[in-house]
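The values are calculated or read from the model by the stated rules, or taken from the named source; none is laboratory data. These numbers come from a predicted model, not from an experiment. Positions of Cβ are generated from backbone atoms using ideal geometry, with glycine treated the same way; all protein chains shown enter the neighbour counts. What goes into the accessible areas is simple: the full protein's heavy atoms, side chains included, and nothing from ligands, DNA or RNA. Shrake-Rupley method; radii C 1.70, N 1.55, O 1.52, S 1.80 Å.
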Amino acid sequence: METFILVFKVLGFGDLCLYPASFEYYAPASLDEAIDLLNKHREEARVLAGGHSLIPMMKLRVLRPAYVIDLNRVKGLKYIEEKGGEIRIGALTTYYDVITSDIVKRRVPILAECASVVADPQVRNWGTIGGSLSHCDPSGDMGSSILALRAKMVAKGSSGERVIESDDWFVGSFQSALKTGEILREIVIPTPKPGSGGAYLKLERKAGDYAIAAVGVQVTLDGSGSCTYAGIGLTAVGPTNLRAKKAEQALVGRKVDDRVIEEAARAATEDCRPTDDPLRGSAEYKRAMVGVLTKRALNKALADAKRSR
Amino acid sequence: MVKVVKTRVEFEGRFRDEYTVVEGEPLEGWSPKSGLKIVGRPHPRVDGAAKVTGSAKYTHDVYLPGMVYGKFLRSPYAHAKITHIDASEAEGLPGVLGVYTYKNAATLGFGGAEKVFKQEVTYQGDVVALVLAQDESVAEDALELIRVEYEPLRPLVDPEEIMGLDSSKDRIVGPKLYERGDLEKGFAEADVIVEESFKTQAALHNCMETHGSVAHWEGDNLVVHTSTQSVFNVRSALSEELGIPQSKIRVVSEFMGGGFGSKFGAGEYTVVAAAAARLLGRPVRIVLDRVEENLATGNRSQTVQWVKIGAKRDGRITAIHLKGLVNVGEDGWVADLGGPAKMMYHCPNVKVELYGVKTNLVSSTAFRAPGYVEGDFALESAVDELARRLNMDPLELRLLNYATRDPVTNSEYSSKALREAYLKGAELIGWRSEPRVVRDGAKIRAKGVAGAIWWGGGGPPAYAEVKVNADGGVTVLTATQDIGTGTRTALAQIAAEELGLPFSSVRVVLGDTITELRSPGSGGSQTLASMGPAVRAAAHDAKNQLLEIASQVYDVAKERLTIREGSIFRSDGSVLCSVGELLGNLGDFSVTGRGAREPNQEGYMVNTFAAQFAEVEVDTETGTLRVLRLVSVHDSGMVVNPLTFTSQVEGGVIMGMGYALWEGRLVDGESGVVINPNLNDYLVARCSDVGEITPTYVEPEDPHTNSLGVKGIGEPPIIGVAPAIANALREAIGVRLRELPFTPERVYSAIKGINPRPTTAKYL
């Protein structure tokens, strides 16, 4: 829907196209070369990763970059590795890579669960985690898992690298914290402690659609069953992916029983900021669904956390 | 010996008299008991491999040397007057070969130019201008350079709103009335009366292949490749618009990516492509993109329906009253919502009143069982409510009111096995053997049933030729279309069966007017019942000729010869010769058999029937609904190919599920702008959305239809799906949903008793 509103705003009424306006195409071999090009062409340039958001928007002529900088020939941006208490994921790693990674399945299954409900197999084979996060679609699924895991984004520009906390990443609809001339290089996820569990639940009209609402939950329980960590990210119910802070607070430091889960779910409905949407439902409905999904995701994540102790 | 016969022909419930030329003697009818060897068996599609590998040539695959691309600029407004239009910048763009607007459209040189290019646009997607360019990308660049100023006018898109406006009486068409018996008396006799109102949405066809044509001229002969359900309709429209004789026009539709009723004739894209190709002296291709397809090629009508049914305490229905509003868009037709109300039940007192309402949306058009899908949802939902009020099993109520003769004409049916279909379906879904409702945490599973009635008896005129070539190979020639239903395969089976030659030796050539073998449009579920008998008759003629030739060459009495598996046998079972040897010896002679569809028999009503059972699962906390199982049992006469039958039923059922659950054109009530004209926002079902479908059939013997005993199967599978799901949902959640589609929020709101706030976005 957000995409629709954008299309609507940019084009006025329905003047829709299927071929992009003409553009120049670059395929740099290194990230530095890509950054140079980006600095040279500034706002006129767009970075192409998997292309499953950029190309449709160009075809609809919502975006008309004069230059497209394709990262797919840049080596060394596609990896998932774990060391020093961190899981590092290269920006060009595809959803499919995430879904099939042993490290992800073992350490952060929420990511695999999340990637597996993104769009359809074609998109999952091509779409990248870095592309999705840089695109910052409030209906994007990845952002909520990243928020739940409190990951960090490593951005590279001409003057070097900087690390951006997930809380600071989502600046606005289709607006990340990347500055002009920067490219997202890597996502760093703190490896969850033993006793952790996660879940990503998406309510969709039908398979492959954007979410009506979706909730990502990551929790850690200590030996006594008290919650020591709670991260909850919300999809498609605000101008960006949102962190459900009140809901997290309702959990941390408490022994989580059904009453606490209900309380957290209710808090999540207050954390979200949905809007009416003729395709997927009213704000009230989406708010109610955030409650249902939070409750269900918590139950699932907590069960996993208990099992992994 | 040529014979002219006058016969009554039906198309989607509308009857007309046709003169038809028939040749040869009537053939003995086939039935499931005829011991057929090729017909009735599951044969994979003859063109399956070509389609899967991409070698099948669809209109969209036609690229000709020097071809020019045409692209329409379409109105962003639902109603507006063009106050200023300047195409000079677009005309100056390199690669642009011409730009046409209402100002210069007459120079394109076709009759209806002023109807296509108008100064006042009356729906979003109406044609404003045409660009002809060297490629599509340049064409789209040029569209953006056409400067248009519009004076927006107030659009009216909501029929209910229009009915209440004194100033808009000219937008109301009708009423279209049907009445039998005495309605008031019927309701006076009733012990129980249910009154229900329903709304159904506009659904978009979304054929996989969008509308499109590629036209080129060979001297003063026009050749048009086009995605169509009727090559002859396209040809006659082109003849009229371009002012050239039909004999100079060849229309080809060899492979076709779906029509569903939306492709019965020439579109403006066809006529404009042909005219532009004549003007430029180059081939011109105009194929619509998905958004154009969904804004400008028609749709299933949105409806509002009021149903009142009266019944005695024992369940006998005494009166049915249906009132309906049909949103026909700019100038569509009023689809017969009343079909099911008039035809489904043995009820003496029935009244149907239909009003068409013209709106600032594209004209509605035929869409797979037009009217019956919408009407059956309302009727079968109301009948289900009646069963609840009577405390009767909904299946028992349907069987109790079963019509054994056509209630409209009081004629006999050619055959009717709907009762058997109901019983078979009930068995398969476990209607009696399993609990009707099962609770599992937040989820509830439940079952529902609906019946369906449709047409599909076919009729003349339909002609075919069957050629047996010198090597024993067979070519079936007709000009009918295979719109994706498997017509090619079925016709090959019929020809092979009748000839006694192998299925693999038959090639079917169709979709080309150059054969001049008149064939009906592929719609109304009538292709097989019309064309099949013509092909059989042609094959019979060819066989007779072969036997005659063999008899003379080998000096054996013709009566003592038969053809089986490619060879000619004597009556003692010994082989005389192969068909290839026979013809090869004659100097590569080939036999041409000619066949015509025989006239329809008088006095019989030919209908198709279906009993459809759904099992749904509702998530009561989110309102999501999943169809776990759908059992679809059909009476469509004898089944020629169980595999293509299954494809047709699965396709229809999936389309019905989409209609029930996801599909619906959303229109902004203020601006008249369509909110979801693309496949991202307008949801069509995919494999992962669909549960288990069980397509099956009861196969009555039907000597009163045609020489094959077949009826259509294209449309029946979609009709009862939505009401079967609606009735299952009602059983699950205890609340009746009366508006399609059943979106998660609608189901959730119904469960929670919430009245959703009205919004300006409406399913219209």
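Just wondering, is there one or more residues in segment B:602-615 that are open to solvent by 10 Å² or more (accessible area, probe 1.4 Å), more than 14 Å from chain A (Cβ to nearest Cβ), out of contact with any His (no Cβ under 7 Å at 6 or more places or on another chain) and within 30 Å of B:LYS443 (Cα to Cα)? So far as segment B:602-615 goes, yes, one or more of its residues are open to solvent by 10 Å² or more (accessible area, probe 1.4 Å), more than 14 Å from chain A (Cβ to nearest Cβ), out of contact with any His (no Cβ under 7 Å at 6 or more places or on another chain) and within 30 Å of B:LYS443 (Cα to Cα).
Per-residue answers, yes or no, for (1) touching a Cys at 6+ places or on another chain (Cβ under 7 Å); (2) farther than 23 Å from A:GLU165 by Cβ; (3) charged (D, E, K, R):
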| residue | (1), (2), (3) |
| --- | --- |
| A:LYS246 | no, no, yes |
| A:ASP257 | no, yes, yes |
| A:ALA264 | no, no, no |
| A:TYR285 | no, yes, no |
| A:VAL292 | no, yes, no |
| A:ALA297 | no, no, no |
| A:ALA303 | no, yes, no |
| A:LYS306 | no, yes, yes |
| A:ARG309 | no, yes, yes |
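Summed over segment A:293-308, residues that are facing chain B (nearest Cβ under 10 Å) and either acidic (Asp, Glu) or open to solvent by less than 20 Å² (accessible area, probe 1.4 Å) (or both) total 1.
Among the residues of segment B:639-673, write down those that are among the polar types (S, T, N, Q) and under 26 Å from B:VAL291 (Cα atoms). Selection gives B:SER671 alone. Here B:SER239 meets the list (1) over 21 Å from the mean Cα position of the chain (by Cα); (2) closer than 18 Å to B:THR478 by Cα; (3) of a type in the set (Ser, Thr, Tyr) almost entirely, failing just condition (2). The helices (runs of 4 or more DSSP H) located wholly in segment B:102-201 that include 3 or more residues which are surrounded by 14 or more Cβ atoms within 10 Å (Cβ to Cβ) and of a type outside the set (Gly, Ala, Ser) occupy B:136-145, B:159-163, B:183-189.
Of the residues making up segment B:732-764, just one is touching a residue at least 40 places away in the same chain (Cβ under 8 Å) and loosely packed, with under 15 Cβ neighbours inside 10 Å, namely B:THR760. Listed by position, the strands (runs of 3 or more DSSP E) enclosed by segment B:396-504 that each have at least 1 residues that are free of Cβ contacts under 8 Å to residues at least 40 places away in the same chain are B:437-440, B:474-477. With respect to being open to solvent by 10 Å² or more (accessible area, probe 1.4 Å) and either touching a Lys or Arg at 6+ places or on another chain (Cβ under 6 Å) or within 16 Å of B:ALA452 (Cβ to Cβ) (or both), B:VAL373 falls outside the description. Here is a check on your reading of the model: is A:VAL68 away from every other protein chain (no Cβ under 14 Å), over 30 Å from B:LEU288 (Cβ atoms) and open to solvent by less than 70 Å² (accessible area, probe 1.4 Å)? Here the answer is no, as A:VAL68 does not meet what is asked.
The lone criterion from (1) more than 14 Å from chain B (Cβ to nearest Cβ); (2) under 20 Å from the mean Cα position of the chain (by Cα); (3) under 30 Å from A:PRO192 (Cα atoms) left unmet by A:LYS75 is number (2). Can you give me the ranges of the helices (runs of 4 or more DSSP H) entirely in segment A:53-148 with at least 1 residues that are modelled with pLDDT under 95 and in contact with a Cys (Cβ under 9 Å, 6 or more places away or on another chain)? In segment A:53-148, the matching helices (runs of 4 or more DSSP H) lie at A:54-59. The residue of segment A:206-228 that is farthest from the other protein chains (Cβ to nearest Cβ), among those that are surrounded by fewer than 22 Cβ atoms within 10 Å (Cβ to Cβ) and touching a helix residue (DSSP H, G or I) at 6+ places or on another chain (Cβ under 9 Å), is A:GLY225.
Residue-by-condition table, conditions (1) under 24 Å from the mean Cα position of the chain (by Cα); (2) under 19 Å from B:TYR604 (Cα atoms):
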site	(1), (2)
B:ASN401	no, no
B:ALA421	yes, no
B:LEU428	no, no
B:GLU434	no, no
B:ASP440	no, no
B:TRP455	yes, yes
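A:VAL104 falls short of the stated requirement of being outside the structural domain of A:GLN175 (by TED's automatic domain parsing) and touching a Leu at 6+ places or on another chain (Cβ under 7 Å).
Considering only residues that are among the basic types (Lys, Arg) and either open to solvent by less than 10 Å² (accessible area, probe 1.4 Å) or within 18 Å of B:ILE675 (Cβ to Cβ) (or both), look in segment B:287-312 and name the one that is modelled with the lowest pLDDT. Selected residue: B:ARG290. For segment B:661-678, the set of residues classified as open to solvent by 30 Å² or more (accessible area, probe 1.4 Å) and more than 10 Å from chain A (Cβ to nearest Cβ) consists of B:GLU670 only.
Consider segment A:178-203 and keep the residues that are open to solvent by 20 Å² or more (accessible area, probe 1.4 Å) and not in a strand (DSSP E or B). The one that is farthest from A:PRO138 (Cα to Cα) is A:PRO194.
Only residues that are surrounded by fewer than 24 Cβ atoms within 10 Å (Cβ to Cβ) and in contact with a strand residue (DSSP E or B) (Cβ under 6 Å, 6 or more places away or on another chain) were counted across segment B:640-660, and they come to 2.
Among the residues of segment B:522-560 satisfying the criterion of being open to solvent by 10 Å² or more (accessible area, probe 1.4 Å) and among the hydrophobic types (A, V, I, L, M, F, W, C), which is nearest to the chain's Cα centre (by Cα)? The residue in question is B:LEU528.
Among the helices (runs of 4 or more DSSP H) confined to segment B:703-764, the ones with at least 3 residues that are within 14 Å of another protein chain (Cβ to nearest Cβ) are located at B:744-752. The set of residues in segment B:269-284 being surrounded by fewer than 24 Cβ atoms within 10 Å (Cβ to Cβ) and farther than 15 Å from B:SER239 by Cα consists of B:LEU279, B:LEU280, B:GLY281, B:ARG282, B:PRO283.
Conditions (1) closer than 23 Å to B:LEU661 by Cβ; (2) more than 17 Å from the chain's Cα centre (by Cα); (3) not in a helix (DSSP H, G or I), marked per residue:
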residue: A:VAL217; (1), (2), (3): no, no, yes
residue: A:THR228; (1), (2), (3): no, yes, yes
residue: A:GLY238; (1), (2), (3): no, no, yes
residue: A:ALA250; (1), (2), (3): no, yes, no
residue: A:GLU263; (1), (2), (3): no, yes, no
residue: A:THR269; (1), (2), (3): no, yes, no
residue: A:MET289; (1), (2), (3): yes, yes, no
residue: A:LEU298; (1), (2), (3): no, yes, no
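Taking the criterion of being surrounded by fewer than 22 Cβ atoms within 10 Å (Cβ to Cβ) and touching a residue at least 60 places away in the same chain (Cβ under 8 Å), would at least one residue in segment A:279-287 satisfy it? Yes, segment A:279-287 contains a residue that is surrounded by fewer than 22 Cβ atoms within 10 Å (Cβ to Cβ) and touching a residue at least 60 places away in the same chain (Cβ under 8 Å).
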